[in-house]
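Everything below concerns the one structure shown next.
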2 protein chains.
Amino acid sequence: MAHEKSLRKTHGVATAQDVAKDVGVSLTTVSRCFANPELVSKRTRDKIFAVANRLGYSPNIAARVLASRRSNLIGLMVDDFKDPDNLDLFHFVSAEAQQRNFHAILLNTNHERSAIGSGSIENSLLQQVDGLLVSASYLSQETIDRCAIQDKRVVILGRKSGDPAFSSVYSDNEGGAAQVADYFHANKIQRPAFVGGNAQATVTAERRAGFVQRVEQHYGFQPIVREIGANDYTMAFNMAEELLCLPKPPDGYFCATELLAVGLLDGLQEMNSNPERGTPLVVGFGSSTLSRLTRYKLTSVTYPIEDMVRTATSHLIDTIGSGMTGPKRIPFPCVLTEGAPID
Amino acid sequence: MAHEKSLRKTHGVATAQDVAKDVGVSLTTVSRCFANPELVSKRTRDKIFAVANRLGYSPNIAARVLASRRSNLIGLMVDDFKDPDNLDLFHFVSAEAQQRNFHAILLNTNHERSAIGSGSIENSLLQQVDGLLVSASYLSQETIDRCAIQDKRVVILGRKSGDPAFSSVYSDNEGGAAQVADYFHANKIQRPAFVGGNAQATVTAERRAGFVQRVEQHYGFQPIVREIGANDYTMAFNMAEELLCLPKPPDGYFCATELLAVGLLDGLQEMNSNPERGTPLVVGFGSSTLSRLTRYKLTSVTYPIEDMVRTATSHLIDTIGSGMTGPKRIPFPCVLTEGAPID
DNA sequence: TTAAAAAAAGCAAGCGTTTGCATTTTTGAT
DNA sequence: ATCAAAAATGCAAACGCTTGCTTTTTTTAA
């Protein structure tokens, strides 16, 4: 029948078409009104927004993504959901992304569940993303490569990019660690020790290296080095016992993360039956919110994590928009902060 | 020219069409092979997967969503990104969702940035989601309603649903809190106190109510009640001083969350110059991973958070798939756990 | 064998946008 | 008033998949 056309969808959400018809403009104009408002005259724009509002219209993302080939989605790859540091990370990424009209999603690297053919949801999601922020610290180069395969923008966060094609934003771990050695030396520490998590992680390696080298320089010998395998409170806690039972226990501990520092501190305190020897110095590394959850005014090497994350995110989004402005390496300095007050 | 058709896209990702052509089947079959494998014969299926694999094909989500009107996305609404509890939450939701081939995204409720017409990205995202898990504990009923507007499935997590149309999964806060009063009474506590965060939050209210009522029952008087406004470590820490300076300071504290308990404990410890009086009892409420980051073996009312979250997620996804099986209320019991050992 | 039922595969019409290009309207300068 | 340039709008072809329905193939039962 001729009038079939006038049948309106009774259910479902309003589409741009609905708005267009109601206002009396073309679908195109409505579309532009939301995607490139500056291309439509103020008069029409106002009318369109008014109607859109009344009809409860808002653009269908799927359709938009399909048509424009841009998802305005960036993925944050981390290797452990549960690491408290990653919470901050995700939060800052989200915040910055939101300001640039992007949205961030979390991608876990652990799941090597490629069994199900190439159909895994992770895989598809990866394909949808406009760019990738890779923060996994002990991620194989191979994995990183795989990310860039679809000529997707990627920015490495937290370690110098190995591949010259990728930008990276990272902190000066060696430098920061060296400062700790200086600090120990200045404070008359006799037997410095290093406690790290996963020895494979580049951050651990860098922090160890920077520390060990500077210690040798100051002391002429190597510090005690322990790597407990993971960034884990309990393991650090237990490490305290082992170290205290050494014939000559250390009197200065440099922990590769704040979580380790807190764990170790708690462990030391638990053990310490003769407090008259004075508490050993414990120094951490990081800027997690963790410090806000404990009573220790931890001395710690810090770096401007929020700045770094926002810079990385921002840079990523920039390179997505424009035609790749050549990869950059953006280092951030570390500073040793004594007993940072809570909050 | 007649042979134009054979021109292949030189750039970009392989599409289902490409795979179909290569294998020699129809586009439809390829599509089904990924969406409903059971509908295609094993022979063809294998061939298709092989080719898909070789070509690096994986379905374009945007297209799929557009065509099927299902995003396989669920949103988790929380009111504070940074709350450590919400980290767990998101993690469990993600895990469960992933098992059901869904993906979870985080939606923040704080941002009342509707200024920008109806075009905000949050708004659009909300529209894309197949269902919503609402965990914001002090969320207005109005906001919740707005969520359900597009006949979207929603499950309330953490408090009894006010609206009979929504399912909810929650813990028995009153009951748990009452157990604390029992515990205090059994342990000869003389002056019980309650320390809560945001008084508006339903969880706070319920825990307070359950505790106060049972205390009255046992003691014949009301406990001291303090609400510090937010679930914040530092504020709890400081509250310790205020309470200790009372003419008759409490000797048993029930804190509405674990974070508060830890903060208060630290604060008490900091203050406590005459330890011979014995340490007061501090009891928390919750099951966050927080307890794994501190040395306290906190006595605390716990509930099976992982179970709860997975149940909620699962239930949500179920109701998305099928035609709504009538809203349910799924309560979980709380139990008081004495000095839970660290992990 | 053969017919009916079940399984597998294909057709084609969407899904709701974006966007290059063409067309119309407005503006501004003569 | 006149015309070119700029601004605003419209047209229609994608974008890559899903799905109701139809057609073909295979299986099952008689």
Inset, instruction - Sort out for me the strands (runs of 3 or more DSSP E) sitting completely within region B:143-246 that have 1 or more residues that are of a type in the set (Phe, Trp, Tyr) and modelled with pLDDT under 95. - result: B:167-171
Legend entry - Residue that is surrounded by the most Cβ atoms within 10 Å (Cβ to Cβ) [pool: residues in region B:283-302 that are of a type outside the set (S, T, N, Q) and modelled with pLDDT under 90]: B:GLY286
Legend entry - Checklist (1) at pLDDT 90 or above; (2) within 16 Å of DNA strand C (Cβ to nearest atom); (3) not hydroxyl-bearing (Ser, Thr, Tyr) applied to B:LEU55, failing item: (2)
Inset, instruction - Considering only region A:17-73, state which residues are more than 30 Å from A:LEU126 (Cβ to Cβ), within 12 Å of DNA strand D (Cβ to nearest atom) and of a type in the set (Val, Ile, Thr). - result: A:VAL19, A:VAL23, A:VAL25, A:THR28, A:THR29, A:VAL30, A:VAL40, A:THR44, A:ILE48
Legend entry - Residues of region A:33-52 that turn out to be polar (S, T, N, Q), within 8 Å of DNA strand C (Cβ to nearest atom) and assigned to a helix (DSSP H, G or I), as a count: 0
Legend entry - Inter-residue pairs, beta-carbon under 8 Å, first more than 10 Å from chain B (Cβ to nearest Cβ) and in region A:39-59, second part of a loop (DSSP other than H, G, I, E, B) and more than 7 Å from DNA strand D (Cβ to nearest atom), 6+ apart: A:VAL51/A:TYR57
Inset, instruction - Would you please name the residue that is modelled with the highest pLDDT, looking only at residues in region B:78-100 that are over 15 Å from B:ARG310 (Cβ atoms) and part of a loop (DSSP other than H, G, I, E, B)? - result: B:ASP79
Inset, instruction - Determine whether B:GLU270 is within 12 Å of chain A (Cβ to nearest Cβ), within 26 Å of the chain's Cα centre (by Cα) and at pLDDT 65 or above. - result: no
Legend entry - Hey, B:ASN72 more than 7 Å from every other protein chain (Cβ to nearest Cβ) and away from DNA strand C (no atom under 12 Å from the Cβ) or not: yes
Inset, instruction - Evaluate the following for A:LEU66: is it more than 9 Å from DNA strand C (Cβ to nearest atom), within 37 Å of the chain's Cα centre (by Cα) and surrounded by 14 or more Cβ atoms within 10 Å (Cβ to Cβ)? - result: no
Legend entry - Number of the exception - A:GLY263 against (1) modelled with pLDDT of 75 or more; (2) away from chain B (no Cβ under 14 Å): (2)
Legend entry - Residues (buried (at least 23 other Cβ atoms within 10 Å of the Cβ) and closer than 19 Å to B:GLN213 by Cβ) located in region B:150-175: B:SER171, B:ASN173
Inset, instruction - From the list A:CYS334, A:CYS255, pick out the single residue that is at pLDDT 90 or above and under 20 Å from the mean Cα position of the chain (by Cα). - result: A:CYS334
Inset, instruction - Name the residue, out of B:VAL19, B:VAL25, that is within 8 Å of DNA strand C (Cβ to nearest atom) and either at pLDDT below 95 or within 19 Å of B:GLY56 (Cα to Cα) (or both). - result: B:VAL25
Inset, instruction - Just one of (1) within 10 Å of chain B (Cβ to nearest Cβ); (2) touching a Leu at 6+ places or on another chain (Cβ under 8 Å); (3) modelled with pLDDT under 70 trips up A:LEU106, so point out which. - result: (3)
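The values are calculated or read from the model by the stated rules, or taken from the named source; none is laboratory data. Computed from a predicted structure; not experimentally measured. Counting neighbours? That spans all protein chains shown, and the Cβs are built from the backbone with ideal geometry, glycine included.
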